[in-house]
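One structure is given below, encoded as structure tokens.
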Amino acid sequence: MLAAVLHAPHDVRIEDRPEPGRLSPGFVRVAVRAVGICGSDVHYYEQGRIGDFVLREPMVLGHEAAGVVEEAPTDSALQVGQVVALEPGIPCGRCVYCRTGHYNLCPTVQFLATPPVDGAMQEVVTHPVDFVYAAGELTPDEASLAEPLSVGIYAVRRCGVQLGERVAVIGAGPIGVLAALAAEGQGASVGIVDIDESRRRAAQDTGLRAAELGSMEGEAYAVVLECTGTKAGI
């Protein structure tokens with residue numbers, strides 16, 4: 001099978017790798033159909049590292065993945081041919097965070113496309129059934145947005161956004177747009193700003209109210225979501 005393998009900064013190669021062998025108990029075999037490119041993928045491509053996570057050997061990129069079930073455990077609700085989205089972080093299941101329902105904080109989580117764990121930019125992956133989600137009528141392209149959408153939903157929930165509140169989102173990249181849509185889903189009135197005209201247009205195409213930086217000055221908001229990840233944005 002083919003895979004997009006990062007060997008070093010600015011060195012991605014399409015390689016032919018062996019397909020996964022016999023399916024392990026509790027795992028699903030998925031034919032990957034769509035993988036988003038996250039900012040983390042770009043960081044690894046540009047710098048070969050993110051903080052203490054350093055590329056030391058070739059690694060398959062991509063963690064925003066969706067595909068079609070090829071094989072699933074007999075006791076699973078998943079069906080062959082079903083479109084699914086993958087949750088990229090696999091926790092230990094034993095630490096205090098996992099046992100109290102906060103498995104996203106697991107200190108030994110194995111995260112796709114985080115050294116040394118291979119990602120999903122390959123034709124076939126096997127993944128724990130507990131972290132494979134049926135995507136209903138969504139296409140794989142749509143289902144691959146589940147992971148970044150979860151970031152926006154989590155932010156909105158943490159902020160306690162309420163019906164009728166005014167929310168400002170700084171940054172109209174994918175995370176900003178998805179966070180804004182999540183806030184709208186809670187019944188908030190949302191405005192999103194960005195310095196990039198193409199991103200403002202993309203946000204407007206989803207129905208959001210997008211504006212240039214500074215144009216919302218003087219307006220009052222109950223919640224502000226900073227989604228640029230930059231010092232300038234803050």
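Summary of computed values
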quantity	calculated
So Val54, is it β-branched (Val, Ile, Thr), touching a strand residue (DSSP E or B) at 6+ places or on another chain (Cβ under 8 Å) and more than 26 Å from Ala155 (Cβ to Cβ)	no
Scope the stretch 90-102; condition on the phi < 0 side of the Ramachandran plot and surrounded by fewer than 16 Cβ atoms within 10 Å (Cβ to Cβ); matching residues	Cys92, Arg94, Val96, Arg99, Thr100, His102
Within the stretch 133-234, helices (runs of 4 or more DSSP H) holding 2 or more residues that are among the hydroxyl-bearing types (Ser, Thr, Tyr)	146-159
Filter result (over 16 Å from the mean Cα position of the chain (by Cα), within 23 Å of Asp75 (Cα to Cα) and not in a strand (DSSP E or B)) within the stretch 118-132	Val129, Asp130
Of all residues making up the stretch 116-146, the number that are out of contact with any Gly (no Cβ under 7 Å at 6 or more places or on another chain) and closer than 22 Å to Gly93 by Cβ	12
Filter result for the condition that a residue is closer than 30 Å to Leu78 by Cα, in contact (Cβ under 8 Å) with a residue 40 or more places away in the chain and outside the structural domain of Leu86 (by TED's automatic domain parsing), over Ile153, Ile175	Ile175
Pick from the stretch 174-202, criterion in contact with a helix residue (DSSP H, G or I) (Cβ under 6 Å, 6 or more places away or on another chain) and of a type in the set (A, V, I, L, M, F, W, C), ranking: farthest from Ile37 (Cα to Cα)	Val190
Failed item in (1) under 27 Å from Glu142 (Cβ atoms); (2) in contact with a Lys or Arg (Cβ under 7 Å, 6 or more places away or on another chain), with Asp41 passing the rest	(2)
Subset of the stretch 2-52 [surrounded by 13 or more Cβ atoms within 10 Å (Cβ to Cβ), over 23 Å from the mean Cα position of the chain (by Cα) and more than 22 Å from Pro73 (Cβ to Cβ)]	Glu15, Arg17
Options Ala220, Ala232, Ala168, Ala211; residue that is free of Cβ contacts under 8 Å to residues at least 12 places away in the same chain and over 21 Å from the mean Cα position of the chain (by Cα)	Ala232
Lone unmet requirement of (1) farther than 25 Å from Val35 by Cβ; (2) touching an Asp or Glu at 6+ places or on another chain (Cβ under 8 Å); (3) of a type in the set (D, E, K, R) for Glu226	(2)
Hits in the stretch 132-147 - residues which are surrounded by 16 or more Cβ atoms within 10 Å (Cβ to Cβ) and more than 22 Å from Val177 (Cβ to Cβ)	Val132
Filter result for the condition that a residue is hydrophobic (A, V, I, L, M, F, W, C) and closer than 15 Å to Tyr133 by Cβ, over Val30, Val80, Val54, Val60	Val30
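Each row is one residue, and each column tells you yes or no for (1) under 24 Å from Ala220 (Cβ atoms); (2) assigned by TED's automatic domain parsing to the domain that holds Glu64; (3) out of contact with any Lys or Arg (no Cβ under 9 Å at 6 or more places or on another chain).
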{"residue": "Val161", "(1), (2), (3)": "yes, no, yes"}
{"residue": "Glu165", "(1), (2), (3)": "yes, no, yes"}
{"residue": "Ala182", "(1), (2), (3)": "yes, no, no"}
{"residue": "Asp194", "(1), (2), (3)": "yes, no, no"}
{"residue": "Glu197", "(1), (2), (3)": "no, no, yes"}
{"residue": "Asp205", "(1), (2), (3)": "no, no, yes"}
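The values are calculated or read from the model by the stated rules, or taken from the named source; none is laboratory data. Computed from a prediction, not measured in an experiment: that's the story for all the values here. Note that we place each Cβ from the backbone using ideal geometry, even for glycine, and neighbour counts take in every protein chain shown.
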